[in-house]
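The structure appears below as structure tokens.
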Amino acid sequence: MEALKIADKTYWVGKVDDRKVPFHRLILERGTTYNSYLLMTEKPTIIDTVDIAFGKEYTDRLSEVIDLSLIEYVVINHVEPDHAGALPSLLAKAKNAKIVSTKLAAELLKDMFKLHQREFIEIKDGDILDIGGKTLKFIETPYLHTEETMITYSVEDQILFPCDIFSTHIANEELFNDLAKGEYIEDFKVYYQLIMSPHRPFVRDMLAKIKDLNIQMIAPSHGYILRENVQKFIDLYDKMSKLPEQGKQKEVTIVYSTMTGNTTKVAQRLAQGLKSAGVETSVFNLKSADLNEVKEKILDSDGVLIGSSTRYGDMVGNVEELLQSIGTEELKGKIGAAFGSYGWSGEAILHIEKYLHKTGASVIDQNYLIGSTGVDSPYLPIRVKFAREDALGNAEDAGRVFAELVLTK
Ligand code: FEO
């Protein structure tokens, strides 16, 4: 294997894939690369692996560079198979290696690859790891673009390893952006639009977290390693993730019925998320609210979130009465989504979505998310089993994401 040096004791050991690669219902016409990195320190460390299709090839070739039994750590920033796919093959020979990942990633990796017997180091935001001659700092970047994601910063070398973030899908043979033989900036922007843009508020969170880092090089998982004009690429993310100038104050109405109060908790957390994003939010519990007043408020709003607990497979309270009172196409131009707490299967959400579709609103349901972004999303609709705290946290994130949709419409 060619281990290409990118910095002191730091090597690219990845794979260039020049096929037309199917990916999240897209075809990557210009191929891609899977950039894996080897840090040849006193405690040799791998940062991310390659696609599952190349697991054996990767491991065989890596063993020409280093005795795999010497690898101390394998950092997995993101568990999708184009990053973690070669992990089982690598670990079969790197028998002493500990896996370094977020807690959520560790749970996924154990289940995906039957790694329950392996040693994991579970990372929390800001954790540091001494790898013998270099220091790695880890930053959690949830939802960029999946929930378990983190990024890694090599402190002494000032290199950021941001996995999918700052990537480009292009099968570049020339490793660095300053050696690029052709245009790639458009591909960099298209990648952002397809993979990162649906998670825009989290891009802004990530940028705030890396703001004070000195970054001399960005070594992502796909495409060019950015060592020329590094700040330009950070600035591009900053520009592309900014909200457009707002004309009038945007408003969202949240309305729900609840059996035990759990759906109230979901509504409250959705409202927190919306308000934190600067959207004016009104919340109505249909038990005490006037239906006509609620409907009027909905018609004045830019978006509506309608929630219900599920009882005997149906909505509760007078949610259905409210939905029946809204005419066909009456909510055209608005954004809508359903939410609710449930104990068994949560059918109320599907019933609400059916009605919402009739109103002409753009309904943010699973079909919308898969069809419009190319990636599945945990945000919406928000279905919370009873009132589990982690799911309520998701509801707050869902509020922020819904706000983003309203603010950018
Ligand atoms: Fe490069 Fe999220 O896969």
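What follows draws every value from the coordinates through simple rules; no lab data is involved. Computed from a predicted model, the values in this text were never measured in an experiment. All Cβ positions, glycine included, derive from the backbone under ideal geometry; neighbour counts span all protein chains shown.
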Point to revise | Candidates per GluC sites (Glu not before Pro) in the stretch 194-284, loop by DSSP, up to 14 other Cβ within 10 Å | key: Glu228, Glu245
Check your understanding: Between the DSSP loop rule and a limit of at most 11 other Cβ atoms within 10 Å, which trypsin sites (Lys or Arg not before Pro) in the stretch 297-360 are left?
Key -> Lys332
**Study point:** Shape of the stretch 251-408, Cα gyration tensor, a/c cut at 1.5
**Key:** rounded
Review point. Using a Gaussian network for the chain with springs between C-alpha atoms less than 10 Å apart, which of these wobbles most: Asp397, Asp365, Asp130?
Key: Asp130
Revision key, fill the gap. Under the rule rounded for a/c under 1.5, else prolate if a/b exceeds b/c, else oblate, using alpha carbon gyration tensor axes a ≥ b ≥ c, the stretch 4-240 is classed as rounded
Exercise for review: May I ask you to compute the full-extension gain from Lys332 to Asp178, defined as 0.36 nm times their residue separation minus their alpha-carbon distance, rounded to one decimal in nm?
Suggested key: 50.6 nm
Revision key, fill the gap. The farthest towards the positive end of the charge dipole of the stretch 4-240, of the residues Ala86, Ile195, Leu160, given +1 on Cβ of Lys and Arg and -1 on Cβ of Asp and Glu, is Ala86
Practice item. Express the relative contact order of the stretch 4-240 as a whole percentage, based on alpha carbon pairs under 8 Å and six or more residues apart in sequence. Key: 17
Check your understanding: For the chain, what relative contact order do you get, as a whole percent, if you take Cα pairs closer than 8 Å and at least 6 residues apart?
Key -> 11
Review point. Of all the C-alpha pairs in the chain, what % are more than 26 Å from each other?
Key: 57
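Indicate, rounded to the nearest 5 percent, the antiparallel portion of the DSSP beta bridges found entirely in the stretch 4-240.
Values: 27 of 40 bridges.
Percentage antiparallel, nearest 5: 70.
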**Study point:** Selected from Tyr37, Ala7, Asn394, residue furthest toward positive end of dipole (the chain; charges at beta carbon)
**Key:** Asn394
Practice item. Take peptides 209-216, 336-343 and line them up by average Cβ neighbours within 10 Å, highest first, as a rough protection proxy. Key: 336-343, 209-216
Practice item. Take every DSSP beta bridge with both residues inside the stretch 251-408 and express the antiparallel ones as a percent of the total, to the nearest 5. Key: 5
Exercise for review: Within the stretch 44-143, list the trypsin sites (Lys or Arg not before Pro) lying in a DSSP loop whose Cβ has at most 13 other Cβ atoms in a 10 Å radius.
Suggested key: Lys95, Lys114, Lys124
Exercise for review: For every helix of n ≥ 4 consecutive DSSP H residues, a contribution of -39,500 (n - 2.57) applies; sum these over the chain, divide by its total residues, and give [θ] at 222 nm rounded to the nearest 500 deg cm²/dmol.
Suggested key: -9500 deg cm²/dmol
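So how strong a dipole does the chain carry about its Cα centre when Lys and Arg Cβ are +1 and Asp and Glu Cβ are -1, to the nearest 20 debye?
Dipole size: approximately 520 debye.
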Review point. Counting DSSP beta bridges with both partners in the chain, what percentage is antiparallel, nearest 5?
Key: 45
